[in-house]
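Trainee: Take a look at this one; I'll ask things after.
The values are calculated or read from the model by the stated rules, or taken from the named source; none is laboratory data. Small disclaimer: the values here were computed from a predicted structure and weren't measured. Counting neighbours? That spans all protein chains shown, and the Cβs are built from the backbone with ideal geometry, glycine included.
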Amino acid sequence: MTRFRAETALAAVFVALAVLTSIWPNWIEAIGFDPDQGDGMAEWLIVAAFGVLAVVCTLLAHRDYRQSRAAALRQ
């Protein structure tokens, strides 16, 4: 169950970062990192990466939850 909680927490963090980056794409440049020199493409790639990571963590959490429920029912 600890793994499920960690994956769920990571998914929530990745969703928050994706939303933050889509609403305020210049936060990356505000911390002193400018990967695309103002073009904006890197920010959207980062949004996509955070979104993919959130989906992966959600699927992993779902798998772990189902496995733990199945194990509990077998006992």
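Trainee: Which one is nearest to residue 14 (Cα to Cα), of the residues in segment 24-50 that are at pLDDT below 85 and small (Gly, Ala, Ser)?
Mentor: It comes out as 42.
Trainee: For segment 12-33, check the following and say yes or no: at least one residue is in contact with a Pro (Cβ under 9 Å, 6 or more places away or on another chain), small (Gly, Ala, Ser), surrounded by 11 or more Cβ atoms within 10 Å (Cβ to Cβ) and assigned to a helix (DSSP H, G or I).
Mentor: Taking every residue of segment 12-33 in turn, none turns out to be in contact with a Pro (Cβ under 9 Å, 6 or more places away or on another chain), small (Gly, Ala, Ser), surrounded by 11 or more Cβ atoms within 10 Å (Cβ to Cβ) and assigned to a helix (DSSP H, G or I).
Trainee: Going through segment 38-75 one residue at a time, which ones are of a type in the set (S, T, N, Q) and over 22 Å from residue 17 (Cβ atoms)? Spell out how you get there, then give the answer.
Mentor: We begin by selecting, within segment 38-75, every residue of a type in the set (S, T, N, Q); these are 58, 67-68, 75.
Answer for segment 38-75, where residues must be of a type in the set (S, T, N, Q) and over 22 Å from residue 17 (Cβ atoms): 67, 68, 75.
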